1. Quick one: T72 ticks every box in (1) hydroxyl-bearing (S, T, Y); (2) closer than 15 Å to I186 by Cβ; (3) open to solvent by 20 Å² or more (accessible area, probe 1.4 Å) bar one, so which box is it?
2. Taking the criterion of being at positive phi and loosely packed, with under 15 Cβ neighbours inside 10 Å, would at least one residue in region 275-297 satisfy it?
3. Does region 177-212 hold any residues that are in a strand (DSSP E or B) and either in contact with a helix residue (DSSP H, G or I) (Cβ under 8 Å, 6 or more places away or on another chain) or open to solvent by less than 30 Å² (accessible area, probe 1.4 Å) (or both), and which are they?
4. Give the residues of region 219-243 that are open to solvent by 20 Å² or more (accessible area, probe 1.4 Å), assigned to a strand (DSSP E or B) and under 17 Å from L209 (Cβ atoms), sorted by residue number.
5. Return the residue satisfying two criteria in turn: it lies in region 56-76 and is more than 13 Å from the chain's Cα centre (by Cα) and small (G, A, S), and of such residues it is nearest to R91 (Cα to Cα).
6. A301: closer than 25 Å to Y205 by Cα and either in contact (Cβ under 8 Å) with a residue 24 or more places away in the chain or open to solvent by 30 Å² or more (accessible area, probe 1.4 Å) (or both), yes or no?
Amino acid sequence: RKPRRAILRRPLFSATARNRTTRSQTAMNVLALAASALFIAGKVDAQALTNVQAEATQFVPYFNYDGDLAVTGTVFIESAGTTQNLVYAFRGMDPECINGASDAANSCGIHIHEGTSCSEDGLGHYYTGEVTEDPWVTVSFTSLAVDNSSTTGSFAVTTGGTADDIMGRALVVHAFSGARIACAIIKEPFVYPLVAKDFVPYFNYEGNLASSGEVGPITTSATGQSFSYSLSGVDPACSDGASDAANSCGLHIHAGTSCAEDGLGHYYTGVVLSDPWTNIGYLDAADGAASGSGCNPFSGATQA
């Protein structure tokens, strides 16, 4: 049996009946947001930023790069005075970086540059003020063995600039050779509250459950979502927790964008390579009402 679902801009948010393994809110917290800002292939970075002030997304090829690498990913930045803390996740990186950087300048680097455009020269590494020696020369990534071209990690660099000073500058990714291969502009993170409500029956559901209520606010920290919920008309069989069936008592965002047709599979994207929704669900009271908080999936998507 499957209760109702609602449109959450895009993609869809759906609730499912008792046919999977989650038993309590404790299970929902297995992937706690405090553990990490980024998730990839089951590997979670240990450092989470508490106050993301800037991000670099929508990477494009460096203006004069004509190779085959197609970098995608996100970098989140938190500034503490004139030190920047960066947490990153990428795909499409240079697979030659699997053993780390070479002796070449800028090999496998992820660096903030002085430039303010990705359609022209990004200029040199950004540092200013009392910082008189280049702090970026030792900053590099190592590709993960999962596919030889993905990477996640974090580092801190004292640039001499504040959070305002780095805004609008180019963040550049380098190849194993040190060549500049990708660029994105640092900007303020795009964050706004999301809510799923006005639930309607799933397009092919013919049962008697009539779900209503609200899921939200749904907030995003880096690429992890956190939400609470208050629902009625959900499956009362979930009062004892989920069964062993897939998606039992689930509360999931799906890839589809319509409630009038198939909602497609669970929504996750970018550097997230395995389904983060398998342990997310609701614990129902016997009267068909359910409420809770602390649902923290890592979808790989930003709030936008």
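1. For T72, the exception is condition (2).
2. Yes, because at least one residue in region 275-297 is at positive phi and loosely packed, with under 15 Cβ neighbours inside 10 Å.
3. Pass one, region 177-212, residues in a strand (DSSP E or B): 180-187, 194-196, 200, 212.
I181, A182, C183, A184, I186, L194, A196, listed by residue number.
4. S230, S232
5. Step one: list which residues in region 56-76 are more than 13 Å from the chain's Cα centre (by Cα), which gives 58-71.
Keeping just the survivors that are small (G, A, S) gives 67, 70.
On the way: G67: 15, A70: 8 Å.
Here the answer is A70.
6. Values: closer than 25 Å to Y205 by Cα: no; either in contact (Cβ under 8 Å) with a residue 24 or more places away in the chain or open to solvent by 30 Å² or more (accessible area, probe 1.4 Å) (or both): yes.
No; evaluated as a whole, the condition is false for this residue.
The values are calculated or read from the model by the stated rules, or taken from the named source; none is laboratory data. In this text the structure is predicted, and so the values were computed from the model without any measurement. Because the Cβ atoms are built from the backbone with ideal geometry, glycine has one as well, and the counts that use them run over all protein chains shown. The protein model used for the area step is the full one, side chains on, heavy atoms only, and it has no ligands, DNA or RNA in it. Shrake-Rupley method; radii C 1.70, N 1.55, O 1.52, S 1.80 Å.
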